[in-house]
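Trainee: My questions will all concern the structure given below.
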Amino acid sequence: MKQDYNTSTEDDHLYAAADGHYAMIKETLASREFGEGSEADTERWLRIEGQELLRRLLQSHLTLRGQAQAVVAVVGADDVERTHVRPGKRRALETTFGQVDVERTAYAGRGIGALHPVDAGLNLPEAKYSHEVERHVAMSAARLSFDATLAVLGVLMLAHVPKRQAEQLVLRAARDFEAFYAQTGFEVGSVTSELLMLTFDQKGVVMRSSDLTEATQKAAKAGRKKQASRRSKGEPSRGRKRMAMVAGVYTVAPYSRTVNDIINGLCHVRDALPRKRPRPEYKRVWASLQLAPKQVVAEAFDEADKRDPRHVKRWLVVVDGDAKLARWVRAEAGRRGIKVTLVLDFIHALEYLWRAAHVFFDEGSADIEPWVLERLRWMLEGKASTVAASMTRKATVLGLDAKTRKPVDTAARYLLKRKEMMRYDELLALGAPIASGIIEGACRHLINDRLDVTGARWSLAGAEAVLRLRSLLASGDFDAYWRFHEEEGQRSHASRYAGAEVPEVGIVKKRAHLRLVGGVD
């Protein structure tokens with residue numbers, strides 16, 4: 001879409017307001033009265049007046065752009081030509097500098113909607129707030145509460161955005177998330193290391209009752225409080241949370257370690273000559289409350305496929321021992337015909353060892369840690385069955401009753417059921433990760449730090465939008481996403497015209513009239 005401008009002196013009047021304001025700023029700064037003020041006062045005044053100057057410049061630019069007229073017929077997507085030309089149609093636009101007016105020509109017809117080709121050229125949003133206001137609100141609301149967001153933006157920009165409108169802007173800002181990753185994201189063909197890691201976890205978010213899953217709503221009704229003002233002792237606080245599925249995909253170079261390296265790391269023993277650990281490559285983390293967990297698992301496999309379309313890398317999936325999660329991963333891998341290695345996060349297995357240890361030793365006993373670390377060593381050597389057998393044998397020798405030894409039997413069953421996921425000796429030799437630090441960090445960052453705030457109860461749409469924006473920021477994709485998001489706006493404008501082609505517009509330049517002047521031969 002072309003647009004020509006006549007920027008000669010005849011259009012200088014469009015910028016008269018901006019020129020006058022700039023002259024006022026210079027005159028004020030040079031005045032004696034202002035020369036006696038503090039730098040802070042001057043800076044605050046200049047920020048406000050500077051934004052007003054920028055608002056007037058933007059207004060002048062939009063006024064100039066609004067003079068453009070279509071130079072070809074304006075035909076809508078309905079293949080009907082708009083023959084009624086109505087100049088001077090105005091709409092308000094709230095920008096980071098304050099409100100401006102966009103005055104342009106509308107093309108309409110009897111009984112059909114008007115089209116505004118200049119709007120398409122400017123890529124104006126459908127709503128009142130500019131894309132730049134939307135971007136600022138989205139970035140801030142992804143990190144801060146809505147109240148804090150509006151307080152901060154109220155200082156940094158002159159746009160007036162009520163809380164309800166800010167929530168709507170966040171929903172609008174996140175709407176192209178899935179389309180972005182379906183079409184862009186990781187650049188296929190980039191050089192990556194040989195270990196392809198997938199990792200998953202789940203985290204609860206306190207929701208409004210209407211946005212809980214059907215099963216959770218039933219549990220809430222079944223578990224009504226016995227007392228109106230407080231919960232009774234031991235009464236579960238069910239029926240408040242919806243589970244978010246958190247996923248992570250990245251590649252990483254092998255990093256060989258020994259069993260001693262792992263145990264020394266837990267005990268905070270540093271190597272005399274520390275080695276540089278390889279960093280995750282092209283890491284993407286995200287979470288969803290809206291999608292079923294199986295769908296998130298499928299999305300993660302799609303993302304992994306972009307990194308290894310020929311399936312020549314070693315695929316490893318680190319999980320926390322959740323049996324359902326392991327089933328979903330195996331089912332998706334089987335459906336795609338991909339060989340994956342399921343890895344149990346050894347920190348989760350270690351927690352079961354500690355629970356069993358407290359059956360045999362008092363809290364703080366000098367013997368408890370050596371006992372745990374010895375069995376951890378066996379576990380890291382690939383001897384999960386030996387660890388389970390030693391615990392249950394000790395409980396039997398001591399003659400413990402069923403209730404007392406329950407943590408021991410639970411730990412033994414946990415290890416035996418998952419021993420195929422605990423081949424840590426092979427994984428350490430391969431140089432593969434055996435802990436889920438990436439996904440644990442993602443749960444804290446994506447959910448705990450923003451959604452799990454005291455007193456918050458989220459709507460499903462609002463929580464999902466914030467999760468998407470936080471995921472983009474955490475994965476380093478926000479800037480690329482925003483370009484895509486604005487391009488989607490341009491495509492939306494084009495879709496209103498025949499052939500998805502916005503009519504060419506231009507400002508007709510006035511031609512100088514020649515006058516014959518008499519003279520000598």
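Trainee: Please indicate, with yes or no, whether at least one residue in the range 104-121 is among the hydroxyl-bearing types (Ser, Thr, Tyr), in the same structural domain as Glu501 (by TED's automatic domain parsing) and surrounded by 15 or more Cβ atoms within 10 Å (Cβ to Cβ).
Mentor: Within the range 104-121, one or more residues are among the hydroxyl-bearing types (Ser, Thr, Tyr), in the same structural domain as Glu501 (by TED's automatic domain parsing) and surrounded by 15 or more Cβ atoms within 10 Å (Cβ to Cβ).
Trainee: Do the conditions hold for Glu94, that is, is it among the charged types (D, E, K, R) and touching a helix residue (DSSP H, G or I) at 6+ places or on another chain (Cβ under 9 Å)?
Mentor: For Glu94, the condition - among the charged types (D, E, K, R) and touching a helix residue (DSSP H, G or I) at 6+ places or on another chain (Cβ under 9 Å) - is met.
Trainee: Listed residues Glu39, Glu43, Glu10; which is of a type outside the set (Ser, Thr, Tyr), modelled with pLDDT of 90 or more and either more than 23 Å from Gly98 (Cβ to Cβ) or more than 44 Å from the chain's Cα centre (by Cα) (or both)?
Mentor: Every option except Glu39 fails the conditions.
Trainee: Right, next: For the range 310-369, name all the residues that are under 27 Å from the mean Cα position of the chain (by Cα) and aromatic (Phe, Trp, Tyr).
Mentor: Result: Trp315, Trp328.
Trainee: Name every residue in the range 328-385 that is of a type in the set (D, E, K, R), touching a Leu at 6+ places or on another chain (Cβ under 9 Å) and within 28 Å of Pro293 (Cβ to Cβ), in order of residue number.
Mentor: Across the range 328-385, the qualifying residue is only Arg330.
Trainee: Given the criteria part of a helix (DSSP H, G or I), at pLDDT below 95 and either within 28 Å of Val317 (Cβ to Cβ) or over 16 Å from the mean Cα position of the chain (by Cα) (or both), does Glu464 qualify?
Mentor: Against the criterion (part of a helix (DSSP H, G or I), at pLDDT below 95 and either within 28 Å of Val317 (Cβ to Cβ) or over 16 Å from the mean Cα position of the chain (by Cα) (or both)), Glu464 does not qualify.
Trainee: In addition: If only one of Ala389, Ala366, Ala412 is modelled with pLDDT under 95 and hydrophobic (A, V, I, L, M, F, W, C), which one is it?
Mentor: Matching residue, one of Ala389, Ala366, Ala412: Ala366.
Trainee: Take the conditions farther than 28 Å from Ala465 by Cβ and in contact with a helix residue (DSSP H, G or I) (Cβ under 9 Å, 6 or more places away or on another chain) and apply them to Val319. Does it pass?
Mentor: no
Trainee: Output the number of residues of the range 240-263 satisfying the condition of being in contact with a Lys or Arg (Cβ under 8 Å, 6 or more places away or on another chain) and assigned to a helix (DSSP H, G or I).
Mentor: Counting residues in the range 240-263 that are in contact with a Lys or Arg (Cβ under 8 Å, 6 or more places away or on another chain) and assigned to a helix (DSSP H, G or I) gives 2.
Trainee: Ala465 passes all but one of (1) buried (at least 18 other Cβ atoms within 10 Å of the Cβ); (2) not assigned by TED's automatic domain parsing to the domain that holds Thr386; which number fails?
Mentor: Unmet for Ala465, out of (1) buried (at least 18 other Cβ atoms within 10 Å of the Cβ); (2) not assigned by TED's automatic domain parsing to the domain that holds Thr386: (2).
Trainee: Could I ask something else about it? May I ask you to list the residues in the range 379-406 that are within 30 Å of Gly441 (Cβ to Cβ) and surrounded by fewer than 16 Cβ atoms within 10 Å (Cβ to Cβ)?
Mentor: Glu381
Trainee: Against the conditions (1) modelled with pLDDT under 95; (2) closer than 30 Å to Leu212 by Cα, where does Tyr282 fall short? Just the number, please.
Mentor: Here Tyr282 meets the rest and fails (2).
Trainee: I'd like to know if the range 66-74 contains one or more residues that are assigned to a helix (DSSP H, G or I) and in the same structural domain as Asn123 (by TED's automatic domain parsing).
Mentor: For the range 66-74, residues assigned to a helix (DSSP H, G or I) and in the same structural domain as Asn123 (by TED's automatic domain parsing): present.
Trainee: Say whether the condition of being surrounded by fewer than 18 Cβ atoms within 10 Å (Cβ to Cβ) and in contact with an Asp or Glu (Cβ under 8 Å, 6 or more places away or on another chain) is met by at least one residue in the range 450-457.
Mentor: no
Trainee: Here's a follow-up. Check Thr454, Thr404, Thr392 and return the single one that is of a type in the set (Val, Ile, Thr) and within 28 Å of Thr258 (Cα to Cα).
Mentor: Of Thr454, Thr404, Thr392, the one residue that is of a type in the set (Val, Ile, Thr) and within 28 Å of Thr258 (Cα to Cα) is Thr392.
Trainee: Now a separate question. Please specify each residue of the range 89-99 satisfying the condition of being surrounded by fewer than 19 Cβ atoms within 10 Å (Cβ to Cβ) and farther than 15 Å from Ala70 by Cβ.
Mentor: Once the filter is applied, which keeps residues that are surrounded by fewer than 19 Cβ atoms within 10 Å (Cβ to Cβ) and farther than 15 Å from Ala70 by Cβ, the range 89-99 yields Arg90, Arg91, Ala92, Gly98, Gln99.
The values are calculated or read from the model by the stated rules, or taken from the named source; none is laboratory data. Quantities reported herein were computed from a predicted structural model and do not represent experimental measurements. Because the Cβ atoms are built from the backbone with ideal geometry, glycine has one as well, and the counts that use them run over all protein chains shown.
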